[in-house]
Amino acid sequence: MSEDPKDITRRETLQTVGRSVLLIAIGVAGGVGGISTLQNVRREMKLKGTKKEGRYPGSPWYSMAIDIEKCIGCGRCVQACSEENDVPPGHYRTWIERYAIMKDGSVSITSPNGGINGFENDIDEDKVERAFFVPKLCNHCDDSPCTQVCPVGATFETKEGVVIVDYDWCIGCRYCIQSCPYGSRFWNPKRNTADKCTLCYHRIKKGEQPACAEVCPTGARLFGDLSDDASPLAKFVRENATMTMKPNLMTGAKVQYKGLSKEVV
Amino acid sequence: MKACMECHPDKAEATVHVKKGVHCESCHGAAKAHTEDWEKAKPFVPSTRADCTRCHAMIVSRPAWYPQIDPKTHNPDSKCVHCHSIHELPAVKK
Amino acid sequence: MHYLLPFASGQYVFPNEKELQWSVLIVLYPFLTGLVAGAFILASLVRVFDAKPVAPTYRLALLTALAFLICAPIPLVTHLGHMERSFQIMITPHLTSAMAIFGFVYLWYLMAVLLLEIWFDFRADIVAKSETTKGLLKLFYNILTLGVKDVSPKALDFDDKAGRFLTIIGIPSAVLLHGYVGFIFGSLKSNPWWSSVLMPIIFLLSAIVSGIALVMLIFIVTTKVRKQVQNVPCLDAIARYLMFALIFDLALESLDVVHRIYEAGEWVDIFGLLTSGYLFWTILGLQFFLGGIVPLAMIAFTRAIWPPASVRGAMYTAASAFVLVGVFAMRWNVVIGGQLFSKSLKGLTTYRLGLVEYEGVLGVIGLLILPIVILYLLVKLLPPWVQGHHVERAEKPST
């Protein structure tokens with residue numbers, strides 16, 4: 001079979017078209033990928049700054065220590081947080097759990113309205129073996145699952161070690177809420193974005209305490225700079241046996257608990 | 001706390017709560033507006049028993065070192081401030 | 001015996017976890033992409049593995065994949081809190097996030113694989129249409145040809161090769177498209193219900209199962225609607241593939257269950273509570289029994305007894321419908337089930353499925369009908385009933 005020259009040119013045209021369509025597709029995909037990676041890197045650099053050498057990636061390196069023995073479950077912290085940060089009702093940046101370990105071995109865990117109105121003495125004292133309160137908040141993990149999964153990098157760790165959400169960049173996919181093993185994140189129906197504890201970033205930047213630590217009547221919440229050896233927090237962590245929540249998950253949780261018992265979830 | 005000291009040094013001195021580090025706003029509620037314009041915004045002044053029992057009622061899960069009273073038996077007929085002075089010492093009025 | 005009796009005196013749900021984050025719309029998303037991936041893999045059986053008996057469904061499978069792929073992101077995007085920001089996922093993708101590459105995987109699959117493959121496969125038909133139609137339709141087909149009107153044997157040969165090549169790229173892409181959806185769930189260490197390396201593979205297999213069932217069902221229904229005789233030998237062949245896929249799928253899903261029960265991690269109590277309560281019927285009843293064992297038994301039985309063609313057709317119809325229900329239930333069990341327990345692993349929440357609302361039954365029905373409507377339009381524009389030239393030529397004895 002002899003080839004018609006016209007046929008050959010046509011075939012070539014067709015091949016060229018086919019190849020160029022493929023090339024363009026690959027090119028566009030590559031280009032978009034490249035540009036966006038660059039943008040992302042720039043964005044992250046801008047947000048994080050350059051990390052310093054040392055025990056902690058940054059200085060100051062903010063965190064909080066919780067002394068479970070001191071918490072009286074008055075709920076002032078929850079209330080102050082919700083007023084300070086305009087937290088929508090039914091959602092909690094911080095909350096208090098009450099544990100009652102009964103003599104029969106069962107454990108009752110309660111947190112009515114996150115403990116915002118305190119607790120009632122509604123457990124039969126004779127049946128209780130041990131009972132205590134545990135204040136909870138975002139652990140500001142250093143390898144936080146939530147920042148890892150955010151598809152647009154809207155949630156990130158600042159150079160001071162505080163994990164916050166950029167409400168103007170969050171697309172509201174809620175993946176971060178799913179990824180938090182502590183239930184610290186929630187959906188903010190006012191903003192239509194994910195929301196969480198910021199360690200009162202707006203206050204600590206001014207040298208103030210987070211609202212919850214400020215109002216705590218017994219000093220059960222100790223806020224401070226871990227990287228400063230002289231700070232009360234660093235001293236507290238140095239001198240006491242402390243524990244983080246769910247350390248097996250390797251989240252790099254920063255919030256330290258003193259007196260954490262095995263029943264705590 | 002510091003913010004209140006400027007104008008209320010008398011209240012801040014020598015009281016059980018303030019000495020133990022209980023913040024003014026823990027009892028008086030958020031008072032930022034008041035610090036900015038004290039004439040217009042007045043903070044909440046606690047007066048009922050419930051305002052105190054929130055922190056002092058006996059609850060099993062409260063730590064043992066912490067001073068607690070059973071509101072049903074601890075002088076149930078009068079307000080706490082009748083016998084306890086908040087901003088003066090001693091904490092229990094004579 | 002657990003020394004902590006976790007639920008003896010009530011459950012505990014973290015206060016922020018009383019409400020579910022991902023509604024039934026997010027159940028639809030893996031269901032839809034699964035259908036796409038499965039339909040495509042069925043099509044690729046014809047193209048790459050030369051499964052001739054299934055050839056009549058090749059083009060229908062491609063169009064089905066396209067119709068469902070167009071709809072797949074709709075539930076996802078409309079579920080965002082800020083839909084208007086969805087483009088950010090393309091301009092600032094956060095590279096450690098599994099979800100970030102969604103846009104790229106999706107576009108790659110749509111543009112580089114599916115559309116191209118359909119174009120190469122239907123090109124000769126498009127050229128023919130552009131010559132026989134008039135007016136706007138003519139213009140439309142003319143645009144679709146992208147200016148390439150050569151239908152010489154050489155050109156068709158190239159189409160065939162390109163199509164083959166695209167299918168070869170397409171298989172890993174389809175696997176990526178859906179395995180990736182499984183990874184979105186499987187990679188969350190916070191959630192023991194999801195966190196599993198098997199998740200992407202199970203997602204993939206159930207995708208293949210559902211895609212094959214969907215194409216088979218659509219093939220049966222469209223043949224009926226067009227008042228044609230059912231091509232039962234073709235159905236026999238598809239059903240055979242469906243059976244194998246089902247066996248693998250069921251085996252893996254059972255392995256997952258057995259492994260979890262045997263391993264009995266910290267979550268064992270809460271999972272027991274979940275699977276014996278809220279999810280009992282959707283897991284055991286729908287996913288395993290109605291969507292797994294029943295269709296498997298039906299196909300196996302049909303193949304063993306080999307009843308008359310009409311009975312076989314009816315069996316296959318029912319089996320594929322059951323499979324679709326079962327796979328939908330599986331997506332439900334994964335997506336909703338994974339959110340029904342608190343991360344405290346000490347308590348359950350509930351999910352109420354609304355009826356007349358977008359994020360409820362009505363919306364789901366709408367989003368399931370939409371791809372069918374799109375498929376109807378696609379079929380009108382590019383009738384898939386005539387087999388592609390590559391099949392015809394492959395069937396011609398070589399000289």
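Considering (1) within 7 Å of chain C (Cβ to nearest Cβ); (2) among the hydrophobic types (A, V, I, L, M, F, W, C); (3) over 13 Å from C:GLN21 (Cβ atoms), the lone condition that A:VAL165 does not fulfil carries the number (1). Residues of region C:337-364 being under 30 Å from A:CYS138 (Cβ atoms) and part of a helix (DSSP H, G or I), which ones? If the condition is that a residue be under 30 Å from A:CYS138 (Cβ atoms) and part of a helix (DSSP H, G or I), then C:GLY337, C:GLY338, C:GLN339, C:LEU340 are the ones that fit. Comparison of C:LEU204, C:LEU188, C:LEU214 shows that the only residue that is crowded, with 21+ Cβ neighbours inside 10 Å and more than 18 Å from the chain's Cα centre (by Cα) is C:LEU188. If A:CYS180 meets every condition in (1) within 9 Å of another protein chain (Cβ to nearest Cβ); (2) buried (at least 24 other Cβ atoms within 10 Å of the Cβ); (3) within 29 Å of A:LYS103 (Cβ to Cβ) apart from one, which number is that one? Checking A:CYS180 against (1) within 9 Å of another protein chain (Cβ to nearest Cβ); (2) buried (at least 24 other Cβ atoms within 10 Å of the Cβ); (3) within 29 Å of A:LYS103 (Cβ to Cβ), the one that fails is (3).
Scanning region A:156-198 for residues that are of a type in the set (S, T, N, Q), at pLDDT 95 or above and in contact with a helix residue (DSSP H, G or I) (Cβ under 9 Å, 6 or more places away or on another chain) returns A:GLN178, A:SER179, A:SER184, A:THR198.
Listed conditions (1) at pLDDT below 95; (2) over 21 Å from B:GLN68 (Cβ atoms) are all met by A:GLY118, apart from (2). Within the span defined as region A:55-68, every residue fails to be facing another protein chain (nearest Cβ under 7 Å) and not in a loop (DSSP other than H, G, I, E, B). Within region C:278-336, if we keep just the residues that are hydroxyl-bearing (Ser, Thr, Tyr) and in a helix (DSSP H, G or I), the residue that is surrounded by the most Cβ atoms within 10 Å (Cβ to Cβ) turns out to be C:SER320.
One residue alone among C:GLY103, C:GLY81 is within 8 Å of chain A (Cβ to nearest Cβ), under 30 Å from A:ARG174 (Cβ atoms) and of a type in the set (Gly, Ala, Ser), and that residue is C:GLY81.
Just one of the listed residues (A:CYS74, A:CYS81) is in contact (Cβ under 8 Å) with a residue 40 or more places away in the chain, touching a Cys at 6+ places or on another chain (Cβ under 6 Å) and at the interface with another protein chain (Cβ under 7 Å from one of its Cβ atoms), namely A:CYS74. For region A:206-222, a residue qualifies if it is surrounded by fewer than 23 Cβ atoms within 10 Å (Cβ to Cβ) and at pLDDT 95 or above, and exactly one does: A:LEU222.
Can you say whether C:PHE40 is within 14 Å of chain A (Cβ to nearest Cβ) and in a helix (DSSP H, G or I), as far as the supplied structure shows? When the stated conditions are applied, C:PHE40 does not pass them.
Restricting attention to region A:69-100, the residues being over 20 Å from A:ILE177 (Cα atoms) and surrounded by fewer than 19 Cβ atoms within 10 Å (Cβ to Cβ) number 2. Look at (1) facing chain A (nearest Cβ under 10 Å); (2) of a type outside the set (Lys, Arg); (3) over 22 Å from A:CYS71 (Cα atoms) and you find that B:PRO71 fails only one, number (3). As for region C:56-74, it holds at least one residue that is touching a residue at least 12 places away in the same chain (Cβ under 8 Å) and within 14 Å of chain A (Cβ to nearest Cβ). Any residue at all in region B:25-40 that's in contact with a Phe, Trp or Tyr (Cβ under 7 Å, 6 or more places away or on another chain) and either at pLDDT 90 or above or assigned to a strand (DSSP E or B) (or both)? Taking every residue of region B:25-40 in turn, none turns out to be in contact with a Phe, Trp or Tyr (Cβ under 7 Å, 6 or more places away or on another chain) and either at pLDDT 90 or above or assigned to a strand (DSSP E or B) (or both).
Do we have any residue at all in region A:108-117 that's under 27 Å from A:PRO189 (Cα atoms), away from chain C (no Cβ under 11 Å) and either over 18 Å from the mean Cα position of the chain (by Cα) or of a type outside the set (Ser, Thr, Tyr) (or both)? Scanning region A:108-117, I find at least one residue that is under 27 Å from A:PRO189 (Cα atoms), away from chain C (no Cβ under 11 Å) and either over 18 Å from the mean Cα position of the chain (by Cα) or of a type outside the set (Ser, Thr, Tyr) (or both), so the answer is yes. Filtered by the rule that a residue be buried (at least 21 other Cβ atoms within 10 Å of the Cβ), over 18 Å from C:ALA112 (Cβ atoms) and away from chain A (no Cβ under 14 Å), region C:130-185 gives a lone residue, C:GLY182.
Among the residues of region A:123-162, those identified as in contact with an Asp or Glu (Cβ under 8 Å, 6 or more places away or on another chain), within 11 Å of chain C (Cβ to nearest Cβ) and either surrounded by fewer than 22 Cβ atoms within 10 Å (Cβ to Cβ) or of a type in the set (Ser, Thr, Tyr) (or both) are A:LYS127, A:SER144, A:THR147, A:THR155, A:PHE156.
Taking every residue in region A:17-28 that is without any contact (Cβ under 8 Å) to a residue 40 or more places away in the chain and assigned to a helix (DSSP H, G or I) and pairing it with any residue that is among the aliphatic types (A, V, I, L, M) and buried (at least 16 other Cβ atoms within 10 Å of the Cβ), at least 6 positions away or on another chain, the pairs with Cβ-Cβ distances below 6 Å are A:VAL17/C:VAL148; A:GLY18/C:ALA162; A:ALA25/C:ALA112.
The values are calculated or read from the model by the stated rules, or taken from the named source; none is laboratory data. Model, not experiment: these values are computed from the prediction. For neighbour counting, all protein chains shown are included, and Cβ atoms are generated from backbone atoms with ideal geometry for every residue, glycine included.
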